[in-house]
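Working notes, structure below.
The values are calculated or read from the model by the stated rules, or taken from the named source; none is laboratory data. Everything quoted here is computed from the prediction, not taken from an experiment. Here the Cβ positions follow ideal geometry from the backbone for every residue, glycine too, while neighbour counts run over all protein chains shown. Surface accessibility is based on the protein's heavy atoms, side chains included, excluding ligands, DNA and RNA. Shrake-Rupley method; radii C 1.70, N 1.55, O 1.52, S 1.80 Å.
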Amino acid sequence: MIWLTWRQFRTQATMFTGALTALAALLAATGPHLAGLHTTAGSGVVSQLTGTDTALYFVGGVTVLLAPALIGVFWGAPLVARELESGTHRLAWNQSVARTRWLLTKLTLTGLTTMAASGLISLAVTWWSGPVDRAVAAGGSDNTDNFVHRIDPAIFSSRGIVPLGYAVFAFVHSVTFGVVIRRTLPAMAATLAMYTAVHLSMRLWIRAHLAPATTVTVPFTHDRTANYLLASVSHIDIGRPGTWTVAEQTLDATGHPAHALPPAYADCDSIKACVGTLAGAGYRQRVTCQAADSFWTLQWAQTGIFLGLAIALGALCVWWTRRRLS
């Protein structure tokens, strides 16, 4: 059964894992140069990155973000749905292979490959990007060069152990769609839609609540964002490097949410002057943020959620195969 599962899975596994291994090898070859650059330049390493370094930084991050979705669509969805669609599962069950063993063998072998592939690329990208992330955390980026702190939503899911949780969840939930829908292409489409919805929900609404947030009130200065419309922003200087701003609100001189700008604001002719007008009128910003040291708390919490969901979906797969498939 193990050999049969590998024969059915080996083509896409070899191609996908080969591509990830090639990227990991490229990162391994260029990583020491980047580490040496950080040793000599410190937080100034960002300004000394070559075009190749910058390209690898962003390509690595995007690859880690896309890998779980690709694993789900091309590994998980067809794994069982293809056999159910063609009817070959009945042949296996008639060869004294219990349906539970049939499913668990597929889940275990392909799941372990999923963990190895996602773990390899996540480890490689996290290690390679380490010098840049440390430089940004030390103030080596002004956020105008697209380099952000690792706790920022833009790159959080491409660092640490979260990609592993995403990959396992994407794989198991795609297999679940295959078992329930029993058609390969619809299962692949459902997998992509579900993964996108879960990823965006985690990023926009859930992650910010997985660790205690900090709320501070800061005055307006020329180097701080003036966001009177009470919208959420990604970056704002509150004097604490490496924070992720979850929400921001403008307060008037009485400390209440501002619903109107001071009259003098209409006459300012530059951003610095406008911000100075707000500061002079006593306006401040209330900022809710996640501190830099919450990074690993958020990583473990989010990974735990996805692993828990994967276990629950795996149990559903087994139950559905035992009770509903024929």
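With the cut-off at 21 Å, report for the range 240-326 the share of all Cα pairs above it, as a whole percent.
61 percent
With a ≥ b ≥ c taken as the square roots of the eigenvalues of the C-alpha gyration tensor of the chain, please select rounded if a/c is under 1.5 and otherwise prolate if a/b is larger than b/c or oblate if it is not?
prolate
Pick from Thr288, Thr108, Thr52 the residue whose mean-square fluctuation is largest in a GNM of the chain, springs joining Cα atoms under 10 Å.
Per the Cα network of the chain with a 10 Å cutoff, Thr52 tops the list.
Sum -39500 (n - 2.57) across every DSSP H segment of at least 4 residues in the chain, then divide by the residue count to get the 222 nm mean residue ellipticity, nearest 500.
Dividing the helical sum by the residues of the chain leaves -20500 deg cm²/dmol.
If packing is taken as the mean number of other Cβ atoms within 10 Å per residue, what is the order of 173-183, 253-263, highest first?
My ranking of the peptides, most packed first, is 173-183, 253-263.
For the chain, what is the charge dipole size about the Cα centre, in debye to the nearest 20, if Lys and Arg each add +1 at the Cβ and Asp and Glu each add -1 at the Cβ?
That gives the chain a dipole magnitude of about 1940 debye.
Less than 14 Å Cβ to Cβ from Gln302, Lys/Arg counted +1 and Asp/Glu -1: what total charge do the surrounding residues give?
For residues surrounding Gln302, the net value is +4.
When ranked by the protection proxy of mean other Cβ atoms within 10 Å per residue, highest first, what sequence do the peptides 196-205, 31-40, 149-158 form?
149-158, 31-40, 196-205
What percentage of the solvent-accessible surface of the chain, computed with a 1.4 Å probe over protein heavy atoms, is contributed by carbon and sulfur atoms?
64 percent
Charges on Cβ only, +1 for Lys and Arg, -1 for Asp and Glu, centred on the Cα centroid of the chain; of Val180, Leu112, Val246, which one is farthest towards the dipole's positive end?
Val180
Before I look further, what does the chain give for accessible area per residue, probe 1.4 Å, in whole square angstrom?
Counting only protein heavy atoms, the per-residue value for the chain is 47 Å².
Projecting each Cα onto the charge dipole of the chain (Lys/Arg +1, Asp/Glu -1 at the beta carbon, about the Cα centre), which of Leu309, Gly130, Leu56 comes out farthest on the positive side?
Leu309
Suppose every K and R has +1 on its Cβ and every D and E has -1 on its Cβ; what is the size of the dipole of the range 130-205 about the Cα centre, in Debye to the nearest 20?
In debye, rounded to 20, the range 130-205 gives about 400.
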